[in-house]
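Any read-out appearing in this document is the output of simple, stated calculations on the displayed coordinates, not a laboratory observation. Just so we're clear, the structure is a prediction, and the values are computed from it rather than from any experiment. Note that we place each Cβ from the backbone using ideal geometry, even for glycine, and neighbour counts take in every protein chain shown.
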Amino acid sequence: MQGAAQALEQRLGYKFKEPRLPLAALTHTSYINEVLESGGEPPEDNQRLEFLGDAVIDLLIGEELFRRFPQAREGELTQWRAQLVSTEALASVASQLQLGELMLLGKGEANQGGQHTAANLAAAFEAVVAAVYLDSGLAAVGEVFLPLFQAAIERVTAARGPQDARSRLQELAQARFGITPQYRTVEEHGPDHARVFTVQVTVGEHVTAEGTAHSKRAAAQNAAEKALAQLSLPQIAER
């Protein structure tokens, strides 16, 4: 049993301070039943950890999506999270860690292929997440597990419709510099029926760009497109 816990630590790149946690996370309830039937001292199973891990994963993925996509609507964020934390999605992440071969199952469950079922894999993964959370907190959970979700996040969010330039600029500015672009109208002229507006956007001290159009909204979009072009330049991208 301890060998499974040690193998889990190696795959996670994380050393547990509390040895009982990884063992409990890998222990299916069917294993407990067999230990009880044999008169042995049963270890803790992973059902309670599974319950907690479900909530921790929801928070982890929800916060990641919230921070990464500041222009996404609530419904869009909810839909993405639902896909990323589904049983099938979590089972896929568990398979990356090869949790199936580490799970402690009763003989009957193992003979029925329990180490390969999506429900068991997802439950074990949730329990492992909870174990790290109880051992070291949410920051450690993010460091250990978020990298495992990156490909899935990119795949799920790639299905969104094309973003406008302002949305793309805001996401890029917040991801790269931790700031929000600022817009202001610097000039407007022309008759009322053909007004022309010039809007300036600044991204901290990194970029300043201006756009001109017959509406403030279109001018801001034009300015954002120019700012995005500037941010793609090597000398700015490396700052």
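Miscellaneous remarks
- At most 10 other Cβ within 10 Å, DSSP loop - trypsin sites (Lys or Arg not before Pro), region 70-173: R73
- About the centre of its Cα atoms, region 165-237 shows a dipole size close to 180 debye [charges on the beta carbon of Lys, Arg (+1) and Asp, Glu (-1) only; nearest 20 debye].
- Student exercise, the chain dipole from Lys, Arg, Asp, Glu Cβ charges, in Debye to nearest 20: 940
- Amide H partners (placed H, <5 Å) of V186, local residues excluded: T198, V199, Q200
- The Rg/Rh ratio of the chain, with both radii computed over alpha carbons and Rh defined as the Kirkwood radius, is 1.19.
- Backbone N within region 112-141 under 17 Å of label point (7 Å from E63 Cα along the Cβ vector): 129-141
- Under the simplified labelling scheme, the S167-A119 pair shows an inter-label distance of 3.8 nm, with each label point 7 Å from Cα along Cα→Cβ.
- Between 0 and 90 degrees, the angle of helix 118-136 with respect to the longest Cα principal axis of the chain falls at about 80 degrees.
- With the charge dipole of region 32-143 set up from +1 on Lys and Arg Cβ and -1 on Asp and Glu Cβ about the Cα centre, the Cα lying farthest toward the positive end among the listed residues Q96, L52, L121 is that of Q96.
- The relative contact order of region 70-141 comes to 30 percent, based on Cα pairs under 8 Å that sit 6 or more residues apart.
- Proximal lysines to K216, defined as alpha-carbon separation beneath 28 angstrom and excluding residues fewer than eight positions away on the same chain: K226
- Options V203, N222, Q170, ranked by Cα towards positive dipole end of region 165-237, top entry (Cβ charges): Q170
- Exposure proxy ranking, count of Cβ atoms within 10 Å, fewest first, for H116, H193: H193, H116
- Remark: spin-label model distance E76-H193 equals 3.8 nm, labels positioned 7 Å along the Cα→Cβ axis.
- Computed on the chain, with alpha-carbon pairs under 8 angstrom and 6+ residues apart, the relative contact order is 17 percent.
- With contributions of -39500 (n - 2.57) from each DSSP H run of at least four residues, the per-residue ellipticity at 222 nm computed over the chain stands at -19000 deg cm²/dmol.
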